[in-house]
């Protein structure tokens, strides 16, 4: 037997061993946590100065079952929570510095829940999540009114435009555990607040792209 035959047998054996391990442990659960922070400042002559800061923690959890070595289906949950600071300033102020005219400093949270489909090839994977249920509490958005003239209450997402895409890789830690490195892209539109549609058929969109690290277990 030449060395090419030996190499081919080794690759085949490794592939069969991987497929056998997946067949014996078709269930997966993943938990990821990632902090985030962003800041935006608008200033200039002839306009109000505005500062916006937002930070918090992103949590992502999913449970799935392999249908075959390349395809899995499951359910995913995303939960974000943090604080939002917004302030408007007059410049120049009474003492020569900018005076704070309006200020909002509140907490917020957002929940995502829906089915997911994952495609795998070796250690790489791509994932699609559709979230028919998205709920957001954000008291800082006093600029968004519903058709009853209210600017408080929970936001509900538009189920037709609430989805996430991800791509990443697994780094094995043991026989049943792996480190997961992924990049998530998320797009969501809210269409109602406090149980009523937003006025003038408005929709508030939000888009995120960020890296996430987590732990995945198999059984």
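Coordinate-derived values only; no laboratory data. On a predicted model such as this, the values are computed, not experimentally measured, just so you know. Reconstructed Cβ throughout: ideal geometry from the backbone, glycine too, with neighbour counts over all protein chains shown.
Applying a 10 Å radius around every beta-carbon, put 169-178, 61-70 in order of their mean neighbour count, most first. Display every interim value, and only then the final one.
Numbers: 169-178: 13.0, 61-70: 15.2.
Ranking, from highest mean packing down: 61-70, 169-178.
How many times 2.2 N^0.38 Å is the alpha carbon radius of gyration of segment 26-218?
Working: Rg = 20.3 Å, N = 193, 2.2 N^0.38 = 16.3 Å.
Relative to the rule-of-thumb radius for its length, segment 26-218 sits at 1.25.
In percent, how large is the relative contact order of segment 95-219, given Cα pairs closer than 8 Å and 6 or more residues apart? Don't skip to the end; give the middle numbers.
On the way: 271 pairs, mean separation 26.8, N = 125.
Across segment 95-219, relative contact order equals 21 percent.
Where does each of 210, 112, 219 land when they are ranked from fewest to most other beta-carbon atoms within 10 angstrom?
Numbers: 210 13, 112 24, 219 9.
With the sparsest Cβ surroundings first, the list reads 219, 210, 112.
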